1. Within the stretch 17-58, how many residues are in a helix (DSSP H, G or I) and either buried (at least 16 other Cβ atoms within 10 Å of the Cβ) or at positive phi (or both)?
2. Here are VAL153, VAL121: which of them is among the aliphatic types (A, V, I, L, M), surrounded by fewer than 22 Cβ atoms within 10 Å (Cβ to Cβ) and in contact with a Phe, Trp or Tyr (Cβ under 9 Å, 6 or more places away or on another chain)?
3. Answer yes or no as to whether SER265 is hydroxyl-bearing (Ser, Thr, Tyr) and at pLDDT below 95.
4. Considering only helices (runs of 4 or more DSSP H) fully contained in the stretch 218-306, which possess at least 3 residues that are assigned by TED's automatic domain parsing to the domain that holds LEU93 and within 25 Å of ARG136 (Cα to Cα)?
5. When you scan the stretch 288-306, how many residues do you find that are closer than 14 Å to GLY26 by Cβ and under 16 Å from the mean Cα position of the chain (by Cα)?
6. If you go through the stretch 257-264 one residue at a time, do you hit one that is more than 23 Å from SER164 (Cα to Cα) and in contact with a Lys or Arg (Cβ under 8 Å, 6 or more places away or on another chain)?
7. Identify the residue in the stretch 86-118 that is surrounded by 21 or more Cβ atoms within 10 Å (Cβ to Cβ) and farther than 23 Å from ASP36 by Cβ and, among all such residues, is nearest to the chain's Cα centre (by Cα).
8. With the checklist (1) in contact with a helix residue (DSSP H, G or I) (Cβ under 7 Å, 6 or more places away or on another chain); (2) more than 30 Å from ARG74 (Cβ to Cβ) in hand, flag the one item TRP152 doesn't pass.
Amino acid sequence: MSASARYAVADWGTSRFRLWLLDDKGVVVAERRSDDGLDTSRARGFAETLEDHLASLRAPADLPVIICGMAGSRQGWMEANYVSVPADLTAILSGAVKIEGIERDVRIIPGLSQSGNAPNVMRGEETQLLGAMLDRNLRSGLVAMPGTHSKWVELEDGKAKSFSTYLTGELYALLAGHSILRHSIGAAAETVSSEHPEFTAGLQLMLAGNRRMLGELFGIRAAMLLENLPPEGAASRLSGLLIGTEIAGAQERYGADVKVTLVASGAMATLYTKALTLAGLSFDSVDADEAVRKGLFVAASKLRPA
């Protein structure tokens, strides 16, 4: 299966690990996905984790690997220092850190940082951003990359000018699983639907300029107790409130008329498509998996030309 593989590329996040073998055109030859994220891999060993996944795909011993994400954090395999914005996304590839002490050629791409009045950092999203820029030939505009920590990035003349982060996904997980709302949501945390009326209601409330998001959260619990709001409705309303707050905040910061490039996959793409539509924002969509693979392929190609 992996005989035609030219590169191995990986997106190594906090909780998830994704590995692809690519041929010399960037086409996927084989892939692996697992829960071997940062914490799991740190305890087990990053090299051991990577080699086990490569072996399962029958990857050659001399196949080079390029990695983005939290494996390059201070708590990861080896720290790949940040590149400050404004930054040329293709230029950061030259800063990839080579892992020493192992036989295989493994390198980790650095993240982006922002200093000043709005300090910020990202790891992994910079590679996804590069892939989206290449996919749509973007040089300027606003790019939204939803997730555990949603990133909104301003592009100007082919460079990442500035960016902001919204803890939307992390807050959802914390509130749904560890707050009083867990009694209302339970196992329905993964059942959020963009078509559920409670998702729409939560979005509309926040997009209408309601800045009392904290005051709305306990209402989910009360609605379950007094109005028999089902778990699916509770989960959808919580998601709507949080995503609506993110979109409203982005509109306030970047303007209501700006065109957005949405980089998302699966359920996340569906939810944010609904949210951006209700917000009246003009947007284009790029598949997040394809974007990160494209960015990683460019990085691998620069380090080892085909």
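The values are calculated or read from the model by the stated rules, or taken from the named source; none is laboratory data. Predicted model only: the values in this text are computed from it and were never measured. Reconstructed Cβ throughout: ideal geometry from the backbone, glycine too, with neighbour counts over all protein chains shown.
1. Qualifying residue count for the region: 9.
2. When all the criteria are applied, what remains is VAL121.
3. When the stated conditions are applied, SER265 does not pass them.
4. 288-303
5. 8
6. no
7. Once the filter is applied, the top-ranked residue is LEU112.
8. TRP152 satisfies all of (1) in contact with a helix residue (DSSP H, G or I) (Cβ under 7 Å, 6 or more places away or on another chain); (2) more than 30 Å from ARG74 (Cβ to Cβ) except (2).
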